[in-house]
């Protein structure tokens, strides 16, 4: 079984819907979910073959100052001790 690449990023609250909307407008690019609403932390599951496109878009958001701390982490679905 193949797992997606996993990222987390902090998104400025006023821009959350903008970021989510843009990413979802690209078919099959990413599955996103809010991890911490108060801190604006969102997790992203990205198919490995689309990872470069995802990172290009996130770099744009970082340059605009609306996304911070884009971090690639081990996929939570592969760790049985994680809450899903």
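Values in this text are rule-based calculations from the coordinates and carry no lab data. Since the structure is predicted, the reported quantities are computational estimates derived from the model, not experimental observations.
Suppose a student asked you for the relative contact order of the chain, using Cα pairs under 8 Å spaced at least 6 residues apart; what percent would you report?
42 percent
Anyone know which of 66, 42, 22 comes out most mobile in the 10 Å Cα GNM of the chain?
Highest fluctuation of the listed residues: 22.
Based solely on its DSSP helices, what 222 nm [θ] is calculated for the chain when runs of n ≥ 4 H residues each add -39,500 (n - 2.57) and the sum is averaged over all residues, nearest 500 deg cm²/dmol? Display every interim value, and only then the final one.
Values: 2 runs with 23 residues, N = 84.
Per the formula, -8500 deg cm²/dmol.
Report the dimensions of the chain along its three principal axes from the alpha-carbon atoms, largest first, rounded to Å.
35, 29, 18
Report, in degrees rounded to the nearest 10, the 0 to 90 angle that the Cα long axis of helix 51-64 makes with the longest principal axis of the chain.
The angle comes out near 30 degrees.
For the chain, modelled as a GNM with alpha-carbon contacts under 10 angstrom, which of 12, 51, 27 fluctuates the most?
The residue that fluctuates most here is 27.
Pull up the DSSP beta bridges for region 5-75 and report the antiparallel fraction as a percent, rounded to 5. The partial results should precede the final answer.
Details: 16 of 16 bridges.
Bridges in region 5-75 are about 100 percent antiparallel.
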